[in-house]
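The values are calculated or read from the model by the stated rules, or taken from the named source; none is laboratory data. Keep in mind the model is a prediction, meaning the values are calculated, not measured. Cβ sites come from the backbone with ideal geometry, for glycine too, and all protein chains shown count toward neighbours. These area figures cover heavy atoms from the full protein model, side chains too; ligands, DNA and RNA do not enter into them. Shrake-Rupley method; radii C 1.70, N 1.55, O 1.52, S 1.80 Å.
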Amino acid sequence: MKNRLMKGSLAALVSLLATNAFAAQEVTVYTAFETDILAKYKSAFEKENPDVTIKWVRDSTGIMTAKLLAEKNNPRAEVVWGLAGSSMALLKEEGILKPYTPKGVNELNASLNDPQSNQAWFGNDAFFNAVCFNEVVAKQLNLPKPMSWEDLTKPVYKGHIAMPNPASSGTGYMQVSAWLQNMGEDKAWDYMKKLDNNIAHYTHSGSKPCVQAGMGEVAIGISMASRGAKLKTQGAPLDVITPKGIGWESEAVGLVKESDAAKRVVDWSISKAANELYVEMYPVVAHKDVKATVSNFPNVQANMAKMDFAQMGSKRADILAIWSEKFDAKSEPKS
């Protein structure tokens, strides 16, 4: 009897140890990807890596960048996946991202990757801004269709435009950066002052101005081209316009903690399988062999601004301080 009890206890202990040995490792991944695509990426990764699970921590680009900087001396993230290239350049400069060469990097378009030696971040996709214009609301209010950035400063649009706050939204910051880099600083700040006269409010989400335009809450949203295309395909009465000098940036991945499980997340995030998911929403992705056409996506490449991502990262704090002092009064309350 005693032997049977001992054997039973031993078997239970072995079973418990085996269960613990094969328990999935959890990797904490900080991201600014849109919320509605996170489950799909997590599911696809875990299907191929059943011994690793992803724990997402998600917020908009500006807030996530600030969080990573604040946690510099006690990092909680293990991987950063789906954060703007300019933020990744800053995180590398601060020593938060660890240099790492993921498997399959030669299959990526180099233009979306860290341009410096000792690379620490790698492109997933390129995302672009656009102007979402509600044609039904515009007709009701007798608003003309804007074709240029300068058009948006006309008095007829007063109170009818929403735009992302660049301090909390990467979508907002990349458009402010595009204006500064392509107009010149003095002219760009003067332009933003004129535009502010017509702004109804600044949002803390990059996609929200387009969503608001699609719902008719505003006539015009300076926002994400991919969100505009998606809403239009779903039936929203939007025209997705790309004025010359449209802001754009890469979304990228990088390693914070050098564990085997974290490296596997980075490796998978640049794989062909991952890029085949990115391309469902973004027509420009990093993998050379993955291409697709997204319904109602505008011809962004004809009007892309020239962008210096390293400069965007290094000047970020100064630019946001100036912008916030001048324009933050119209920002929506943070939820």
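A few comments on the model shown:
- Any hit, the range 35-45, residues being under 16 Å from the mean Cα position of the chain (by Cα), surrounded by fewer than 17 Cβ atoms within 10 Å (Cβ to Cβ), closer than 23 Å to G247 by Cβ and without any contact (Cβ under 8 Å) to a residue 40 or more places away in the chain: yes
- Within the range 301-314, the residues that satisfy the criterion of being surrounded by 14 or more Cβ atoms within 10 Å (Cβ to Cβ) and either without any contact (Cβ under 8 Å) to a residue 60 or more places away in the chain or assigned to a helix (DSSP H, G or I) (or both) are N303, F309, A310, Q311, M312, G313, S314.
- Options P333, P237, P298: the member that is under 28 Å from A138 (Cα atoms), touching an Asp or Glu at 6+ places or on another chain (Cβ under 8 Å) and surrounded by fewer than 23 Cβ atoms within 10 Å (Cβ to Cβ): P237
- When P102 is tested against (1) assigned to a loop (DSSP other than H, G, I, E, B); (2) more than 20 Å from the chain's Cα centre (by Cα); (3) modelled with pLDDT of 95 or more; (4) farther than 25 Å from A292 by Cβ, only condition (4) is not met.
- So T65, is it in contact with a Gly (Cβ under 9 Å, 6 or more places away or on another chain), open to solvent by 10 Å² or more (accessible area, probe 1.4 Å) and closer than 18 Å to L320 by Cα: no
- D267 being of a type in the set (D, E), modelled with pLDDT of 95 or more and open to solvent by 60 Å² or more (accessible area, probe 1.4 Å): no
- Residue in the range 243-261 that is open to solvent by 40 Å² or more (accessible area, probe 1.4 Å), over 30 Å from M147 (Cα atoms), in contact (Cβ under 8 Å) with a residue 60 or more places away in the chain and in contact with a strand residue (DSSP E or B) (Cβ under 7 Å, 6 or more places away or on another chain) present: yes
- Each residue in the range 145-168 was checked for being of a type in the set (S, T, Y) and over 17 Å from K326 (Cα atoms), and 2 of them qualify.
- The residue list K72, K103, K92, K67 contains one member that is in contact (Cβ under 8 Å) with a residue 40 or more places away in the chain and over 14 Å from G313 (Cβ atoms), which is K103.
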